[in-house]
Amino acid sequence: MGREDGVGGHVLRKEDDRFLRGRGSYVSDMVLPGQSEVAFLRSPVAHGYLRSIRKPAGSDGTIFTYEDLTGLNSIVSECAVPGFKMSELPPLARGKVRFVGEALAMTVAPTRAAAEDLAEQVEIDIDELPAIVDARASRATPAVRVHEDWDDNLFVTLNYENGFEAQARGAKVVVKRTVSLARQTMSPLEGKAVVAYWDDRADQLIVYTSTQVPHMIRIGLAEALGLDEGRLRVVSPDVGGGFGYKCVLQPEELCVAWLALTYRRPFRYIEDRREHLVVGAVARQHHYELTAYADETGRLLALDAEIMVDGGAYSSWPFTAGLEPGQAVGNLPGPYDFRGYRCKSMCAATNKPGFLPYRGVARTGVCLALELMIDAIAREVGREPWEVRHDNLVAQAQMPYDNVARKHYDSGDYQKCLRMARDKIDLDTWRARQRRGEPDGRRIGIGFASFCEQTAHGASVLASWGLPVIPGYDEASVRITPDGGAEVRVGVHSHGQGMETTLAQVANEILGIGLDKIRVIHGDTGATPFSTGTYASRSIVMAGGAVINACRLLVPRVEAIGAHLMQCATATVRYEDGRIVGPQSSTTLKEVAYAWHRRPDRLPPDCDLGGLEATVSYKPKVDTGVFSYASHAAVVAVDLELGHIEILDYVIAEDCGTMVNPMVVEGQTLGGVAQGIGTALYEESPYDENGQPLASTLADYLLPGAGEVPSVRIEHLQTPSPYSEFGIKGVGEGGAIAPPAVLFNAVNDALHDLGVEMSETPLTPHRLLAALERARSRTARTEPA
Amino acid sequence: MKPAPFDYMRPRDTSEAIAALAQGGGEAKLIAGGQSLGPMLNLRLARPKLLIDISGLEALRTMDEESEAWRLGAAVTHARIEDRRHDFRGCPLLPTVARDIAFRSVRNRGTVGGSMAHADPAADWPLALAALGATLLLQGPGGDRQIPADDFMAAAFTTALRDDEMIAAVRVPKFSPSARFGYFKFCRKVGEFPEASGAAVFDPETRIARVFVGALSGAPASLPGLARDVAERGSPAVTAEAVLAAVTAAAPTLSIIEQRMHAETVRRALRQILPT
C-alpha cells in the first residue's frame, strides 16, 4: 500500500471529468430512431376497487391497461421468513388500487406531453375504500385490509429475545421513550428512467435502465416477461443517484420492456419530479416504543423494543417487506455491549407506495431511537451523554465481539473513535459557551451519536432473510490490453461511489498499471461478469476483492512470459510496479502484452493458456459482514422564538478499515450527511386521512441545499478488517445513519431543562415550537398560583 | 409533468398584449418570467388556451426615477433590482428585498409585476410594496387605473386585476433620508418561501409609519395600531405582548404557534428600524 495511486491514494476521481463537464451519459440522454414516449395514468385515490377503465375509441396501441399486457407477470417477492405474507404488484393496477400514484394505465405517443394528453382522456371508475394511512391503526383495524386475502394487515412479525428477563431484573434505572420517523423520498437527481428496444442482430431485448443492479434486473425482467435471460441484456449507463430507490425491480421497467418486446421498437419512460415525490415516498417511516434498563451509572443492561415499519402497499423484489423490520431487529443494539434484548418488529401494509431500502436501511431509524435512549439514560443518571455512551460501547479488547443480536463485530476501537469526535468538536469549550448563554438568546446544544454498520454482508446473512436473490460471490474480470493497460469488468454498478477510480486503484496496487490506463467497465450484463449489484455498502469489499484476486492470478502468468522474454528461469523473476525484474535485466508488462497479442513466437512453449485475462469470484473469509463505525458530534443553536435550528459545527470520527481513497470516503460520508440532515430537519411526505400525499412538489417537500449543509470535519481511524482483502470495509451508507440522532441529541441537550425532548422527524420549526408551547403550559399548570 | 397544449404569442407592444388578453376572454394568460406560471403549467393546474409573453416588451422593462417615486416596469426582474442598476435613492429597501427572493436563477427571470399578479401570500413583493405604500399602474382596454399595493391582493392568488387588464408598472414613493426600513422573513431553508414575514417603514420627517405581517393565508395584513405606537413611543412599544396582540387581531385564524412565529418576525423587522 505504498503506491501513490494504489490502495490509500488520495486520487481525484477519474469519472469526474465527464460529470463536471456535463458529459455524463444517462438514460434520458438517449434518443433512438422511432422512439416513443411513455406516460402513466396514476391512481388519484389511495384505496378502492377499480370498477372500470374506459379508453377513448381508436386508442389501440397507444393506451394500455392491465388486460392488454398479455404475457407479463406481476412482481411477487417471495420471502422465506415464517409467517411472511406475500403481495402481488401488477405492472398496471388490477381489480384494486392500493396507493395514490399506483399506475392504472400506460400511454404511448411521440412526445411525453402528447402521452400525458392521452392519459387525460382515460375515464376511471373507482369505488373508494377507507384508506389505511397509519401503520399502527392498520394493525388495530383488520376490518379494512390492504390485501383482502390476508387475515390482518401485517406483512410480517418478527420476535427476538436473548437474555432479556435476567438482565432487566433489578435494573436501577428504567427509561421509556417513543420515537417516530416520517415517511420520505430518496430524491436522487435522476429518477427512474428506462429505454427498451429489440435488437434483431443480437436477438435480444435491450433494456437501458437507471439501476444499481443490472444483473438482478435481468433476472427479474426475464421472470416477468417469461423470457430466457440470454435473450435479455440490461444496461445501466450513468445513473444520477441510486440510494436504494434503484435496487429493486420497478413496474415501469416491466411495462416499457413489455412494449419493446411486443412492438419491436424503442420506448422510453422518464420519471418526473412530481411522480417521484408521490410514487417515491417509500422510506424511513418507523415507529419505536422503547424501554431501556440500566444501572445507576447508566450502564445499559437490557433493551425492550417494539418496532413498527410502515410498509406501504407492496413488498419489493428482491428485498421484500421483510428486510426493513429484519434489519431493525438486528441493528437496534448498535455498537453497545449489553446482554439483555427483547424486540418485536413488525411491518404493516398501508395505502402508500411500497417501502424500499434507503441508504442506511433501517439503521438511520434504529440509530436515532437508540441514541436518544442513551442520552435519556445519561440525563436520568446525571452524567455527560458522551461518557455514558463511551462506557457502554464495545471495548477494543472485546473484539471480535458477538453482540446480543448475534451480530459478529469484526474489529475496531469504538471508544477511541468517540473520544476523537469529542476532542475534535472541543466539548469543553462549547459547554462553557453553553453555560454563558448566547447574546441573541439562542440556546446552544451539543449532541453525540455512535453507530456501527454491517457492510458487505453475504449469503449467510441474506439467506436468513429469505430473499429470492441472495448475494454470494462477486465476480470480476481483468484483462491486460495489447498496450499494457487493463480492462476491469465488474458486475456491480458505480453511481456516485467513485468505483471507476477506486477499483482502478486496487488493480493498480497489484499490477502497478497507471490509473489512466485502467478502464473500469460496469453496468452492462452483456459486458460484465455476474454480481447482484451495488447495495448494502458492499461493492468495494466484494468487487474490489474480486479485482484484487483476478490481478493476483495474472501476476505469475505475466512473470512466466517475462522470464521467457529475458531468457531466465521463472523462479528468478519477480513482478514489481508493472515490471518483471530478473537477475540481470528487466522487462515490462507492456512487452509481455505485446508478445502475447502480437508476437506469440516469443512466448514460452508451456505458456498458461488462461492468457492475460482472468475472471475470479470472491467473498470475504467470513461473510457475516465487515463492520464500519463512526461517532458524529454536532453543535446547534436553537432559536426558541422561531424554532430555527442552526448547525454551528459538525464533526465525524469514522473507521471504515483500510481506505482505498480517503477523498472518496469523505465524499461518500459528506453526501450521506446531507441526506441525514434532510431526514433530521426537512424531509417529510405527509398524507391526509384519505391517503392523499400532501407534498407532491418541491415547494412542499424540502431538501437540504448548500445553505443548510454545514462544513463537516472528518477524522479517520483505520482498523483493517481481518476478513477482507487489504482490510477494506464498506462506507457507502454510514454518513446517512447518524445525523438525525446527533442533531436530535444536540437539540435536546439545548432544551431539556425547559422540559422539551424531541423524538419525531423531521424536527420542523412547528414541531419544536409546539413542544415548547406544551412544556410552557405544563409548567404553568404545575406552578402554584 | 408537461403542459397541456396552448398557443403562444409575443406581442409587439402593450396595446397588442391587452387586445389579445381581451380577445382571450379569460382563457389567455400573460407570462413574463414564468417562475410561478411555468410550474403551474407543467402541473396542468393552469391551462390557458393562449400565453401572451410580455417579457420582451421594452416599455415594461424600464426603471425610472421620478421626483417623488421610483417607477418600476412590471417586467423588471428581481435580479435587475438586486444588482442596483440605480441607486434607489429614497427606496433602499427595494434591492434589500430583491436579493433574498428565492435563488439567483429565479431572480434572473422572475419579475416584480409577475410576483404581484401571481399573489402568493408568502411572496416578498406583495408584503414589501404594501409596506412601502406603493401604487400599481394597471392598463386595460378601458384605459389606465391605479391601485394601492395594499389593496391589490384580495386573497391568496386572487387580485383586483380584471381578466383583460395587465400591470404596467409599480410606483414606489421615495422616503426622506432619515427614514428607516425593516424587513424580516423566516425561511426554513435558503430560497424557500417564508413561514412568516414582517415589514416595517418609519419616516420621522413625514411621520409615515407602516407595519405589515406577511405569509398569512391571504394578503399581507397591516398593523396600523402597532405602527402608530412605534411612531409615537419607539422601542418601548415593541413588547412581545403588544406585537403578538396586534398580529392576533390581524390574523385571528392562525394557531397560537403561528401567531407567535409571525409576531416574532414582525418584532425582528421592527428591531431593524428602532435604536437598540
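The values are calculated or read from the model by the stated rules, or taken from the named source; none is laboratory data. Everything numeric here is computed off the predicted structure, so don't read it as measured data. Virtual Cβ from ideal backbone geometry, glycine too; neighbours counted across all protein chains shown. Remember, those area values only see protein heavy atoms, side chains included, never the ligands or the DNA or RNA. Shrake-Rupley method; radii C 1.70, N 1.55, O 1.52, S 1.80 Å.
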Which condition does A:PRO82 not pass, out of (1) more than 27 Å from the chain's Cα centre (by Cα); (2) without any contact (Cβ under 8 Å) to a residue 40 or more places away in the chain; (3) part of a loop (DSSP other than H, G, I, E, B), if it passes all the others?
(1)
Selection from region A:104-129 of residues open to solvent by 10 Å² or more (accessible area, probe 1.4 Å) and closer than 26 Å to A:SER77 by Cβ yields A:ILE126, A:LEU129
Which of the residues spanning region A:382-394 are over 13 Å from A:SER450 (Cβ atoms) and in contact with a helix residue (DSSP H, G or I) (Cβ under 7 Å, 6 or more places away or on another chain)?
A:GLU384
Conditions first: (1) crowded, with 23+ Cβ neighbours inside 10 Å; (2) at pLDDT below 95. A:ALA699 passes all but one, so which condition is the exception?
(1)
For A:TYR594, only one of the following conditions fails: (1) within 34 Å of the chain's Cα centre (by Cα); (2) over 27 Å from A:GLY732 (Cβ atoms). What is its number?
(1)
Of everything in region A:414-442, what is buried (at least 19 other Cβ atoms within 10 Å of the Cβ) and either modelled with pLDDT under 95 or not in a helix (DSSP H, G or I) (or both)? Give them in sequence order.
A:ARG442
From the options A:HIS716, A:HIS752, residue that is out of contact with any strand residue (DSSP E or B) (no Cβ under 7 Å at 6 or more places or on another chain) and either surrounded by fewer than 21 Cβ atoms within 10 Å (Cβ to Cβ) or polar (S, T, N, Q) (or both):
A:HIS752
Wholly enclosed helices (runs of 4 or more DSSP H) of region B:33-124 bearing at least 3 residues among the small types (Gly, Ala, Ser)
B:112-118
In region A:379-412, residues that are touching a Phe, Trp or Tyr at 6+ places or on another chain (Cβ under 7 Å), under 19 Å from A:ARG342 (Cα atoms) and open to solvent by 30 Å² or more (accessible area, probe 1.4 Å) total 0
Would you say B:ALA168 is more than 14 Å from every other protein chain (Cβ to nearest Cβ), assigned to a strand (DSSP E or B) and out of contact with any strand residue (DSSP E or B) (no Cβ under 6 Å at 6 or more places or on another chain)?
no
Can you find a residue in region A:615-629 that is buried (at least 19 other Cβ atoms within 10 Å of the Cβ), polar (S, T, N, Q) and under 41 Å from the mean Cα position of the chain (by Cα)?
yes
A:ARG139, sole failed condition from (1) assigned to a helix (DSSP H, G or I); (2) in contact with a strand residue (DSSP E or B) (Cβ under 8 Å, 6 or more places away or on another chain); (3) buried (at least 20 other Cβ atoms within 10 Å of the Cβ)
(3)
Could you please let me know if B:ARG104 is more than 17 Å from the chain's Cα centre (by Cα) and either among the hydroxyl-bearing types (Ser, Thr, Tyr) or closer than 22 Å to B:LEU21 by Cα (or both)?
no
Among B:PHE193, B:PHE181, the single one that is under 30 Å from A:ILE677 (Cα atoms) and touching a residue at least 24 places away in the same chain (Cβ under 8 Å) is B:PHE193
What about A:THR587, is it open to solvent by less than 60 Å² (accessible area, probe 1.4 Å) and assigned to a strand (DSSP E or B)?
yes
I'd like to check something: does region A:533-540 contain any residue that is assigned to a helix (DSSP H, G or I) and in contact (Cβ under 8 Å) with a residue 60 or more places away in the chain?
yes
Residue list for region B:223-276, restricted to those being open to solvent by less than 20 Å² (accessible area, probe 1.4 Å), under 23 Å from the mean Cα position of the chain (by Cα), free of Cβ contacts under 8 Å to residues at least 40 places away in the same chain and more than 14 Å from chain A (Cβ to nearest Cβ):
B:ALA227, B:ALA251
For region A:245-258, give me the residue count where each residue is part of a loop (DSSP other than H, G, I, E, B), open to solvent by less than 10 Å² (accessible area, probe 1.4 Å) and under 17 Å from A:HIS215 (Cβ atoms).
3
Give region B:183-212 a look and list any residue that's more than 14 Å from chain A (Cβ to nearest Cβ) and in a strand (DSSP E or B), or say none.
B:TYR183, B:ALA199, B:ALA200, B:VAL201, B:PHE202, B:ASP203, B:ILE208, B:ALA209, B:ARG210, B:VAL211, B:PHE212
With respect to the numbered conditions (1) more than 14 Å from chain A (Cβ to nearest Cβ); (2) part of a loop (DSSP other than H, G, I, E, B); (3) without any contact (Cβ under 8 Å) to a residue 24 or more places away in the chain, which one is the sole condition not fulfilled by B:PRO5?
(1)
What are the residues in region B:39-75 that are in contact with a strand residue (DSSP E or B) (Cβ under 6 Å, 6 or more places away or on another chain), over 18 Å from B:ALA149 (Cβ atoms) and touching a residue at least 24 places away in the same chain (Cβ under 8 Å), if any?
B:PRO48, B:LEU50, B:LEU51, B:ILE52, B:ASP53, B:ILE54
